[in-house]
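Scroll down for the structure; my scribbles are underneath it.
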Amino acid sequence: MNAGPKEDLTVEVGSLFGDYPLDLAFDEMREPGGDVRQHYRALAETLVRLPEEELQKRKQSADLSFLTQGITFTVYGRDEGTERIFPYDLLPRLITAQEWDRIERGLTQRITALNLFLRDVYSDAKILSDRVIPRELVYSCKHYRRQMRGLQVPRNVYIAVVGSDLLRLNTGEYVVLEDNLRVPSGVSYMLTNRRVMKRTFPQLFHSYGVRPIEHYSQLLLATLRSLAPEGRPEPNIVLLTPGVFNSAYFEHTYLARQMGIDLVEGRDLVTHDNIVYMRTTDGLKRVDVIYRRVDDDFSDPLIFRADSSLGCSGLFNAYRAGNVTVTNAFGTGLADDKAVYAYVPDMISYYLKEDPILPNVKTFLLSEDKQRQHVLANLDKLVVKAVGESGGYGMLIGPQSTARQREEFARQIEANPRNYIAQPTLDFSRAPCLIGNHLEPRHVDLRPYILFGEKVNIVPGGLTRVALEKGSLVVNSSQGGGSKDTWVLEQ
Amino acid sequence: MLSRVADSLYWMSRYLERAENTVRQLDVTMGLMLDTSGTSAETRWSRLMASLGKHTGMEWNGDLEAMARTLVFDSISPASVTFCINGARENARQVREEISSEQWQRLNRLFHQMHSQQAQAQFRSSINETLTSALDGIHLFKGVSDTTMIHGQGWQFIRLGRYLERSYATATLLEVYSPDLFQVQEQDHSGYQYLELVGLLRCCTSFEAYCQVYTADMSPDRILEFLLLNRDFPHAIRYCVDGIRDAIESIQRSGGRRPPDELTSGIGRLHAMLGYTTIGEILAGDTGVFLHTIREQCMRIHELIYRYYVHYSIQSALAI
């Protein structure tokens, strides 16, 4: 690190920022006074030293690398150029070892509690009898699957693959915004970002001492293997994809290839006598574990949506018979319902007798009269979300909304209060991004990926998602978001 | 290997082979049009279309550049090079996890290259360069396929697609060309006949190989013998059929399932037709019928492969 006097550094690095604004939001790189945070200094120095053309050159070569590798996502509704490269920012987001330690412990605690909750609700439902969580909240959730009642799942693991979204408030504290317990995506971008970044800033990467994430695929495979049905020592593990038109198709192929397992579509599978087979050139081959990237609704037309051809008829019965493991289990969407989310801290104290390490965001339940009145009176200050949606859809951001949008949401809330929750508009943290040829702050979140097999495993880092549009609070890739590589430091 | 994956690899390979064939034949035809021979541009164009297996759809309209542009870039027309490359890439995209990253990157780069503004600009300045760079892209892909992919079932399905497509295309080409070859032979001493024959060989990249075997002494029956019966040249039909037989045997060895008798006997019959016949016998009979039979056999083999490896009934599979 820098050995010279501090004044010199400030002057030197100062030229980097130009009219880079600092206000109330937490800036990942700079302290409120404008100084560069200790762990960001090496990055700042590198940027100052690099000639502008060199930075642009590296950006272009990284762009090209994404395009030829086909690291793209699908944009619907246009026949030409339906694939775009996933927007990304060249500057890494840094997380200190100390911060990460807290995140890791917090998420482990949270996922353990959520899994216990799912097991409880789908068996004795004690938490409901003890009135910790209102019964009607659970049974009115559209992701609750009555078919799962009393069904024994391998190792009692309902959620083997999780991605939780964290935000950092202006106090510097991390909070959990939501948990993705159905089919969280984005992990392939985490892995490919890292590969490209290592090539773009090799020296910097090395000098920082970044904890590795490359073993994710291996951990995922081990997790899946640990969940195989009993008596199948050499399980045939497959990844079930909705197919090439799914926006996350790149990720499915990427993971299948990294793990060395077959990528199957519903049409490759058949069931016979409650056993799932796949069609191969050598005839039918038994399938033991399915890493499912297809939503519940589309998984088995005999049990769920009858008009879906993406899944496999008879899959659920084979699952119920214990002949095949499907993960994540069906019905896990119950626990990432945005209204059920409000009760996660209660679950943690109920099941684990611990205090939550990572707090929730304050959440108003609109089915409660008093809270609803408050929300309706303050729609212009709050964020309203539909409980079962994801990807940034079905959302009203109060301060950025028009009177007409607010009226529309008020009407929908009155009509179906259970379907919405409200949260304060969060001024979450911002990190510097390379926009054109200078730095500008943009809002970021963090999605670490958690694996749960024999135990909870979290690779250090995750996907930092960036709201690339100026002032925007929406980080979802479907809505103009991008990503950054996330470096968790050894020290 | 998943049946769907085998199917995609097979078609990826067929589409690329088809693209390559189209590029080469277009290149040769445009080269021949430069010479003022007795054959009109219109005749040449319709012969090109016929030997690509497209008898209708793109009638000669006098504007060679525009027609060539359509044949290269029009991604709607199934005859075009771009259509084939799109098809190959779309199939590859569905089996991303089965092919190597190098393969995918080559093919993806070729795809983006064909759809780029530069390709259009290059085409305006030099059609020839466009065609050459497309060929380069395809050759590179084949090269990395052979060097970066496991030579297991997937690779064998790629070979199967390549050789079936190639035997079919070569048989079609010869069927279109063969009546003309013998008609003009006697009275021609102007050198045009020579150009025609060289053109035919070039369509199969076989001019140099032919010279090595027969010297530059061109005669229609030798050319036919070379393209049909040579066992060492990769574009000769005999060689391709050997490749098909070998690929099927390898697939069977690695999977342990015996192909149905229909399939082995179909391939065996084709093999015998080419392995135990002399060119004299072929020419004594009806060459057209002979070539037509080869095409029919190829189609039959394709159907059997599909029925046995890809789209078999569950009942038959459970019975095993």
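Below, the figures for the structure above:
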item: Relative intensity, log₁₀ I(q)/I(0), of the stretch A:286-350 from a Debye sum that treats every alpha carbon as a point, q = 0.19 Å⁻¹; result: -0.76
item: Calculated [θ] (222 nm, deg cm²/dmol) that DSSP helices of n ≥ 4 give over chain A, each run adding -39,500 (n - 2.57); result: -9000 deg cm²/dmol
item: Rg in Å to one decimal, and Dmax rounded to a whole Å, for the stretch A:82-234 via C-alpha atoms; result: 19.5, 58
item: Nearest-ten-degree value, helix A:52-68 long axis tilted from longest Cα axis of chain A; result: 20 degrees
item: Projected label distance in nm at A:S313 and A:Y393, using a 7 Å step from Cα toward the beta-carbon; result: 2.8 nm
item: Convex hull volume of the stretch B:168-320 per residue (C-alpha atoms, cubic angstrom); result: 115 Å³
item: Residue-span extension gain [A:Q60 to A:D380] - 0.36 nm each, minus C-alpha spacing; result: 111.1 nm
item: Sum of -39500 (n - 2.57) over DSSP H runs of 4+, divided by residues of chain B (222 nm, nearest 500); result: -24000 deg cm²/dmol
item: Within 10 Å of each Cβ in A:272-285, the average number of Cβ atoms from other chains; result: 6
item: Spatially proximal lysines relative to A:K362 (Cα-Cα < 25 Å; intrachain offsets below 8 disregarded); result: A:K142, A:K338, A:K353, A:K370, A:K381, A:K385
item: GluC sites (Glu not before Pro) within the stretch B:30-90, DSSP loop, no more than 12 other Cβ atoms inside 10 Å; result: B:E59
item: Globularity ratio of the protein assembly as shown, using Cα Rg and 2.2 N^0.38 Å; result: 1.13
item: Translational diffusion coefficient (Stokes-Einstein; Kirkwood radius from C-alpha pairs) of the stretch A:102-175 at 20 °C, 1.002 mPa s, in µm²/s; result: 151 µm²/s
item: Chain lengthening between B:H151 and B:D180 when straightened (0.36 nm per residue, less Cα-Cα); result: 6.3 nm
item: Distant alpha-carbon pairs in the stretch A:398-446 (separation over 18 angstrom), percent; result: 55 percent
item: Cα-based reach from A:K484 at 17 Å (exclusive), listing lysines while leaving out same-chain residues under 8 positions away; result: A:K59, A:K198, A:K470
item: Fraction of alpha-carbon pairs over 22 Å apart in the stretch B:1-103 - percent; result: 38 percent
item: Helix A:187-200 axis, angle to chain A major axis (alpha carbon atoms, nearest 10°); result: 30 degrees
item: Partners for B:K54 among lysines (Cα-Cα distance below 29 Å; same-chain residues under 8 apart left out); result: B:K142
item: Computed FRET value (nearest 0.05) for A:D427 with A:L219, which takes r as the C-beta separation and R₀ as 45 Å; result: 0.85
item: Listed peptides A:276-288, A:39-51, B:151-163 by packing density, highest first (mean Cβ within 10 Å); result: B:151-163, A:276-288, A:39-51
item: Projected-area average for the stretch A:161-271 over all orientations - Cα convex hull basis, square nanometres; result: 10.3 nm²
item: A:A97/B:E262 FRET efficiency (R0 45 Å; Cβ-Cβ; nearest 0.05); result: 0.10
item: Relative packing of peptides B:69-82, A:364-377 - highest average C-beta neighbours within 10 Å first; result: B:69-82, A:364-377
item: Pairwise FRET efficiency - A:S129 versus A:K370, Cβ, R0 = 30 Å, nearest 0.05; result: 0.75
item: Compactness index (Cα Rg / 2.2 N^0.38 Å), the stretch B:252-320; result: 1.43
item: Three principal axis lengths of the stretch B:74-124 [C-alpha, angstrom, descending]; result: 37, 22, 10
item: Shape box of chain B [Cα atoms, principal axes, largest first, Å]; result: 65, 52, 35
item: Order by protection proxy (mean Cβ within 10 Å, highest first), peptides A:143-151, B:193-201, A:16-24; result: B:193-201, A:143-151, A:16-24
item: Shielding by partners - mean other protein chain Cβ count within 10 Å, residues of B:92-104; result: 5
item: Once the Cα gyration tensor of the stretch B:93-195 is diagonalised, semi-axes √(5λ) in Å; result: 35, 23, 10
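Here, each number is a calculation from the coordinates, and none is a lab measurement. Because the structure is predicted, anything quoted here is derived from the model rather than measured. Neighbour counts run over all protein chains shown; Cβ positions are idealised from the backbone, glycine included.
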